Ligand code: PLP
Ligand code: TYF
């Protein structure tokens, strides 16, 4: 039987990690996988996470099973962080295996509710969105999103395409810090998307993987909160991997808002069912770290301060890179790098130019010319700027 298995296409981002490791050149620069690195190139364990783990270790008296939907303390702390004011009469939620698990369970829930669901997804989007939907057999259509000339959002095209979503469809949106482009909607444009969805009755599934990495914890949740306040039904897939730096703990939360308590209760039952069918109880350690931090004033403040340092550090690197490129090109051609938010920017370079960066300058970025800003530091920014020019971008 196993001889029937076919090779699966590998994850290009993860392949790049291996390729980078194998490169023996001095001074190579890794701008590939979306993992935060400090100026020393280290992905640190955040201070508050260490303290929370210590407290958990000291206080924990059992490792018995928790709750099929995840610990209520974690889910309510997450709902508060994401939504601000939590509409408990509308809220169902689920602890999941990372943000990816939340996306997957969100899609599963949508399909349970509507077996004929079609998902509308940005072109481009995180490749795993597409591969998960293909694997599930969930039909999807792309909506135009990125303008390769301006490197901003092509909002007129996006609106035109999102308007094609009908009641019973899902529109997958990046709540902030769009991956892979770094180009995001303005608050006014979010209002327009809310109005479109209000009119059509299509439901947003908001992928919120970078809250706190863009304009701040509150600002990055603003679009999600707007949609939650305007629309009767909203799904949010929140990841704790980046903003708590607990990637390997696999911590995520799916939030489901309905417009009445009967649907809320039914949704909660369906969510617990989905966890049971997939992997039974969700992982707890990362969730417990998150609730320990969010429910303690001191730890929360320390975590938020460290997250803010990370965010402002990335923003400074963006400014520096845009400024260096302004000087080198005598133009504002690369100013979009400073306008983009989150870990990523899509340069809009050709695959050949991306390859040239790798071959000639040992600079690794994803083939679609997405670069991870956090892979840079003050000293490597000028090197990258020069390499970009030399690659003819
Ligand atoms: N969604 C997007 C857009 C992402 O970039 C990521 C990245 O890691 C995730 C979801 C999910 O992350 P994780 O499953 O590691 O929490
Ligand atoms: O887009 C990224 O780089 C991050 C990390 O299969 C990641 O979201 C990349 C690939 C993957 C899982 C996570």
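Pick from region 5-18 the residues that are in contact with a helix residue (DSSP H, G or I) (Cβ under 8 Å, 6 or more places away or on another chain) and not in a loop (DSSP other than H, G, I, E, B): which of them is farthest from residue 33 (Cα to Cα)?
By that ranking, first place goes to 12.
So which of 22, 48 ends up being surrounded by 18 or more Cβ atoms within 10 Å (Cβ to Cβ), more than 16 Å from ligand 2 (Cβ to nearest atom) and modelled with pLDDT of 95 or more?
Numbers: 22 fails: surrounded by 18 or more Cβ atoms within 10 Å (Cβ to Cβ).
Just one listed residue meets the conditions, 48.
More than 22 Å from the chain's Cα centre (by Cα), at pLDDT 95 or above and surrounded by fewer than 20 Cβ atoms within 10 Å (Cβ to Cβ): which single residue out of 215, 302 fits that description?
302
Answer yes if at least one residue in region 63-77 is away from ligand 2 (no atom under 16 Å from the Cβ), within 25 Å of residue 226 (Cβ to Cβ) and surrounded by fewer than 22 Cβ atoms within 10 Å (Cβ to Cβ), and no otherwise.
Taking region 63-77 first, the residues away from ligand 2 (no atom under 16 Å from the Cβ) are 63-77.
Next, only the ones that are within 25 Å of residue 226 (Cβ to Cβ) stay: 74-77.
Checking the rest, the ones that are also surrounded by fewer than 22 Cβ atoms within 10 Å (Cβ to Cβ) come to 76-77.
Looking through region 63-77, at least one residue is away from ligand 2 (no atom under 16 Å from the Cβ), within 25 Å of residue 226 (Cβ to Cβ) and surrounded by fewer than 22 Cβ atoms within 10 Å (Cβ to Cβ).
Can you find a residue in region 321-330 that is surrounded by fewer than 19 Cβ atoms within 10 Å (Cβ to Cβ), more than 16 Å from ligand 2 (Cβ to nearest atom), at pLDDT 95 or above and within 21 Å of residue 32 (Cβ to Cβ)? Quick ask: steps written out before the conclusion?
First pass over region 321-330, keeping only residues surrounded by fewer than 19 Cβ atoms within 10 Å (Cβ to Cβ): 323, 326-330.
Still in the list and also more than 16 Å from ligand 2 (Cβ to nearest atom): 323, 326-330.
Narrowing further to those that are at pLDDT 95 or above: 323, 326-330.
Pick out the ones that are also within 21 Å of residue 32 (Cβ to Cβ) and you get none.
No; the residues of region 321-330 include none that is surrounded by fewer than 19 Cβ atoms within 10 Å (Cβ to Cβ), more than 16 Å from ligand 2 (Cβ to nearest atom), at pLDDT 95 or above and within 21 Å of residue 32 (Cβ to Cβ).
Say whether the condition of being touching a strand residue (DSSP E or B) at 6+ places or on another chain (Cβ under 8 Å), assigned by TED's automatic domain parsing to the domain that holds residue 256 and within 16 Å of ligand 2 (Cβ to nearest atom) is met by at least one residue in region 114-121. Lay out the reasoning, then the answer.
Step one: filter region 114-121 for residues touching a strand residue (DSSP E or B) at 6+ places or on another chain (Cβ under 8 Å), giving 117-121.
Then keep just the ones that are assigned by TED's automatic domain parsing to the domain that holds residue 256; that gives 117-121.
Next, from what is left, pick out any that are within 16 Å of ligand 2 (Cβ to nearest atom): 121.
Checking region 114-121: at least one residue is touching a strand residue (DSSP E or B) at 6+ places or on another chain (Cβ under 8 Å), assigned by TED's automatic domain parsing to the domain that holds residue 256 and within 16 Å of ligand 2 (Cβ to nearest atom).
Would you pick out the residues in region 25-45 that are more than 14 Å from ligand 2 (Cβ to nearest atom) and either surrounded by 13 or more Cβ atoms within 10 Å (Cβ to Cβ) or closer than 29 Å to residue 126 by Cα (or both)? Write out each step before concluding.
Pass one, region 25-45, residues more than 14 Å from ligand 2 (Cβ to nearest atom): 25-29, 38-42, 44-45.
Matches in region 25-45: 27, 28, 29, 38, 39, 40, 41, 42, 44, 45.
Checking residue 273 against (1) farther than 30 Å from residue 372 by Cα; (2) surrounded by 15 or more Cβ atoms within 10 Å (Cβ to Cβ); (3) out of contact with any strand residue (DSSP E or B) (no Cβ under 6 Å at 6 or more places or on another chain); (4) in contact (Cβ under 8 Å) with a residue 24 or more places away in the chain, which single condition isn't satisfied?
Every listed condition holds for residue 273 apart from (4).
Residue check: is residue 267 surrounded by 15 or more Cβ atoms within 10 Å (Cβ to Cβ), at pLDDT 95 or above and touching a helix residue (DSSP H, G or I) at 6+ places or on another chain (Cβ under 6 Å)?
Working: surrounded by 15 or more Cβ atoms within 10 Å (Cβ to Cβ): yes; at pLDDT 95 or above: yes; touching a helix residue (DSSP H, G or I) at 6+ places or on another chain (Cβ under 6 Å): no.
No: the conditions fail for residue 267.
Against the condition within 28 Å of the chain's Cα centre (by Cα), away from ligand 1 (no atom under 16 Å from the Cβ), more than 30 Å from residue 362 (Cβ to Cβ) and outside the structural domain of residue 311 (by TED's automatic domain parsing), how does residue 77 come out, does it pass? Spell out how you get there, then give the answer.
Details: within 28 Å of the chain's Cα centre (by Cα): yes; away from ligand 1 (no atom under 16 Å from the Cβ): yes; more than 30 Å from residue 362 (Cβ to Cβ): yes; outside the structural domain of residue 311 (by TED's automatic domain parsing): yes.
Yes, satisfied.
Answer yes or no as to whether residue 256 is within 18 Å of residue 203 (Cα to Cα) and within 16 Å of ligand 1 (Cβ to nearest atom).
Details: within 18 Å of residue 203 (Cα to Cα): yes; within 16 Å of ligand 1 (Cβ to nearest atom): no.
Judged against the criteria, residue 256 is not a match.
State whether one or more residues within region 195-210 are in the same structural domain as residue 281 (by TED's automatic domain parsing), part of a helix (DSSP H, G or I), within 16 Å of ligand 2 (Cβ to nearest atom) and under 26 Å from residue 47 (Cα atoms). Walk me through how you get there before you give the answer.
In the first step, residues of region 195-210 are kept if they are in the same structural domain as residue 281 (by TED's automatic domain parsing); the result is 195-210.
Imposing the further condition that a residue be part of a helix (DSSP H, G or I) reduces the set to 195-200.
If we keep only those that are within 16 Å of ligand 2 (Cβ to nearest atom) too, we end up with none.
No - not one qualifying residue is present in region 195-210.
Does residue 179 qualify as being within 16 Å of ligand 2 (Cβ to nearest atom) and either not assigned by TED's automatic domain parsing to the domain that holds residue 129 or not in a strand (DSSP E or B) (or both)?
On the way: within 16 Å of ligand 2 (Cβ to nearest atom): yes; either not assigned by TED's automatic domain parsing to the domain that holds residue 129 or not in a strand (DSSP E or B) (or both): yes.
So residue 179 passes the test.
Among the residues of region 84-106, write down those that are over 18 Å from residue 221 (Cβ atoms) and within 16 Å of ligand 2 (Cβ to nearest atom).
96, 97, 98, 100, 101, 104
The values are calculated or read from the model by the stated rules, or taken from the named source; none is laboratory data. If you're wondering where the values come from, they're calculated on a predicted model, not measured in any experiment. Cβ sites come from the backbone with ideal geometry, for glycine too, and all protein chains shown count toward neighbours.
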